Amino acid sequence: MTHTYEELKHKPLTELREIAAGIEHEAVQGYTQLNKDHLLVALCKALAIDMKAHKEVKGIDKAAVKARITEWKAKRDQALAGRDRKALKVALDQIHHLKRSMRKAMVKEPVAK
């Protein structure tokens with residue numbers, strides 16, 4: 001049976017120990033002595049499960065947005081060098097807006113059951 005990180009994270013310690021009992025891997029040796037956090041890490045290592053939550057951007061072109069952010073950062077640096085406060089504010093606002101739009105477009109990867 002394949003497990004996911006989210007699934008394992010919500011299981012009680014006794015169930016995690018039962019899963020570890022059926023696994024022959026050096027990461028889960030001494031599983032009876034591990035607390036839930038350490039056992040979860042060991043199980044993920046033994047089962048080759050990625051512990052990070054994956055997010056992907058949907059609905060916008062991420063590369064294009066990042067390119068625009070880079071352009072605005074160059075304009076920000078020019079405004080700082082020229083001590084132009086209005087141009088600096090515009091550049092910072094645009095960078096903030098673009099980053100925010102990218103964060104809003106991020107969606108968690110669906111968990112397969």
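A few remarks follow.
- Listed by number, the DSSP H helices of the chain that run 20 Å or longer by alpha-carbon position along their axis and have mean Kyte hydropathy of at least -1.0 are 62-82, 85-105.
- The residues of the chain have, on average, 76 Å² of accessible surface per residue, using a 1.4 Å probe with all protein chains present.
- In the chain, taking the dipole from charged Cβ atoms about the Cα centre, the farthest positive-side position among Thr4, Thr32, Ala46 is held by Thr4.
- Subtracting the Cα-Cα distance of Lys62 and Ala105 from their residue separation scaled by 0.36 nm leaves 14.6 nm.
The values are calculated or read from the model by the stated rules, or taken from the named source; none is laboratory data. Everything numeric in this text was worked out from a predicted model, so none of it was measured. Glycine also receives a Cβ, built like all others from the backbone with ideal geometry; neighbour counts cover every protein chain displayed. Heavy atoms of the whole protein, side chains included, go into the accessibility calculation; ligands, DNA and RNA do not. Shrake-Rupley method; radii C 1.70, N 1.55, O 1.52, S 1.80 Å.
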